[in-house]
């Protein structure tokens, strides 16, 4: 196994757990170090692990069937870049938008920075314009 394969396995497992409502609340945040710094999430949330948890719980509440599929995983040293598709059904309030029961499908990209097999920094870009258009149309 090459030196990048353990990181590939970690992010693939991370997606697998994110996608499984039966285990995600118990296991998903174990991938992240307590010193986590997040970038590119709503500015009204803290940019630490607690703020990240708040955002993810908001997603899981609004879109209980939410899933992520990594289309590309690119690894260099301790950084992993994942290009993905996120999809689900809008079942509860999200960013002041009442539930619409509409499905959505958006593209995004995340950069994970790992130290000792835990994510210590995460950058996120999601096509929020497309998401909002799909929910409001």
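Across bins of 10 angstrom width beginning at 0, how are the C-alpha pair distances of the stretch 5-136 distributed, in whole percent?
12, 44, 36, 7, 0
Calculate, axis by axis, the spread of Cα positions in the stretch 72-111 along the three principal axes, and write the results as whole Å, longest axis first.
Cα spread of the stretch 72-111 along its principal axes, largest to smallest: 42, 16, 10 Å.
With axes computed from alpha carbons, what is the tilt in degrees of helix 49-62 against the longest principal axis of the chain, rounded to the nearest 10 within 0 to 90?
40 degrees
With Kirkwood's inverse mean 1/r over C-alpha pairs for Rh, give me the Rg to Rh ratio of the stretch 19-82, two decimals please.
0.97
What angle, in degrees between 0 and 90 and rounded to the nearest 10, separates the Cα long axis of helix 5-18 from the longest principal axis of the Cα atoms of the chain?
Approximately 20 degrees, to the nearest ten.
Considering Cα pairs under 8 angstrom that are at least six residues apart, work out the relative contact order of the chain and quote it in whole percent.
22 percent
Could you check the spin-label model distance between residue 87 and residue 67? Points 7 Å from the Cα along Cα→Cβ, value in nm.
0.7 nm
How much length would be gained if the chain were fully extended between residue 115 and residue 29, taking 0.36 nm per residue of separation minus their Cα-Cα distance, in nm to one decimal?
Residue separation times 0.36 nm, minus the Cα-Cα distance, leaves 29.4 nm.
Taken together, the values in this text are just the output of simple stated rules run on the coordinates, not laboratory data. Predicted model only: the values in this text are computed from it and were never measured. Virtual Cβ from ideal backbone geometry, glycine too; neighbours counted across all protein chains shown.
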